[in-house]
Amino acid sequence: MKSIVILISGRGSNMQALIEAKLPARIAAVISNRPNAPGLEIAKMHGCETIVLDQRSYPERAAFDVALMETIDAYSPDLIALAGFMRILGDDFVNHYQGKILNIHPSLLPAFPGLNPHRQALRDGVKIHGCTVHFVTVQMDCGPIIIQAAVQIMPDDTEETVAARVLQQEHRIYPEAVRWFIEGRLTLSENHVNVSKARFDDAVLYSPSPGLNR
Ligand code: GRF
């Protein structure tokens, strides 16, 4: 059976969605760079092995990355899923796991990469916002897009209401993307991800269009 290592920093709701999706893969470990991440307790409650790699113990970024790589490699996972992992990973780390790291970002990339995407979306007055699961490459939030879901922005929205609406969609699309990865249904050509045999779901915008893959 394939295995997944999940990296978290905080609440862990996307991690929880991955665990509860009963994917055809083993969650080998949940690793947090912050000792007080609430997600660690959730992972333990689900019987997952948890590891804390406190980033404050590694003043040098590269040393943390090396320690993280060694910790992950002990599990030989097929996939590393970033789930609210709030730390930029160095090029060596990303290249070491090329094609094997996924991330979820709460915006319709390439719009609003980086921090505070909901604030950016409200500031710019967009009418449609959402979330994206993508492969991780060395350039932050720029890797090939696997799946996106869109939500509407309402006139009286705040960062909190938008975040909650987007989060619901995150919990739908991340397990879906991970399932596709585990089932070997994702192929990359250049910067484009093809999903074989994707089901159509009118609330989710797939990339590329699911109509092309049925
Ligand atoms: C999510 O919005 C995720 O997209 C972003 O950070 C947040 C983490 O939330 N990268 P959680 O820890 O998964 O609840």
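The values are calculated or read from the model by the stated rules, or taken from the named source; none is laboratory data. Note that this is a predicted model, so its numbers are computed, not measured. Cβ placement follows ideal geometry from the backbone for every residue including glycine, while neighbour counts extend to all protein chains displayed. Note: areas computed on protein heavy atoms with side chains; ligands, DNA, RNA excluded. Shrake-Rupley method; radii C 1.70, N 1.55, O 1.52, S 1.80 Å.
Just to be sure, is Leu108 within 11 Å of the ligand (Cβ to nearest atom) and open to solvent by 10 Å² or more (accessible area, probe 1.4 Å)? So Leu108 does not fit the description; no. Among the residues of the range 142-196, those identified as in a helix (DSSP H, G or I), out of contact with any Cys (no Cβ under 9 Å at 6 or more places or on another chain), closer than 18 Å to Ala81 by Cα and open to solvent by less than 40 Å² (accessible area, probe 1.4 Å) are Pro175, Glu176, Ala177, Val178, Trp180, Phe181, Ile182. Just one of the listed residues (Ile19, Ile27, Ile42) is of a type in the set (Val, Ile, Thr), at pLDDT 95 or above, open to solvent by 10 Å² or more (accessible area, probe 1.4 Å) and over 15 Å from the mean Cα position of the chain (by Cα), and it is Ile42.
For first residues located in the range 140-161 and free of Cβ contacts under 8 Å to residues at least 12 places away in the same chain, partners that are assigned to a loop (DSSP other than H, G, I, E, B) and lie 6+ apart or on another chain with Cβ distances below 9 Å form the pairs Thr161/Met154. Looking at this structure, is Phe85 assigned to a loop (DSSP other than H, G, I, E, B), closer than 18 Å to His134 by Cα and either charged (D, E, K, R) or within 10 Å of the ligand (Cβ to nearest atom) (or both)? Yes: the conditions hold for Phe85. Residue-level analysis places Asp124 among those that are farther than 18 Å from Pro77 by Cβ, surrounded by fewer than 14 Cβ atoms within 10 Å (Cβ to Cβ) and out of contact with any strand residue (DSSP E or B) (no Cβ under 7 Å at 6 or more places or on another chain). Answer yes or no as to whether Leu102 is away from the ligand (no atom under 13 Å from the Cβ), more than 11 Å from Met140 (Cα to Cα) and not in a loop (DSSP other than H, G, I, E, B). It is false that Leu102 is away from the ligand (no atom under 13 Å from the Cβ), more than 11 Å from Met140 (Cα to Cα) and not in a loop (DSSP other than H, G, I, E, B).
Keeping to the range 84-96, report how many residues are surrounded by 14 or more Cβ atoms within 10 Å (Cβ to Cβ) and either without any contact (Cβ under 8 Å) to a residue 24 or more places away in the chain or polar (S, T, N, Q) (or both).
The qualifying residues number 0.
Output the strands (runs of 3 or more DSSP E) that fall wholly within the range 1-72 and possess 2 or more residues being more than 16 Å from the ligand (Cβ to nearest atom) and in contact (Cβ under 8 Å) with a residue 12 or more places away in the chain, or say none. Answer list for the range 1-72: 2-8, 25-32.
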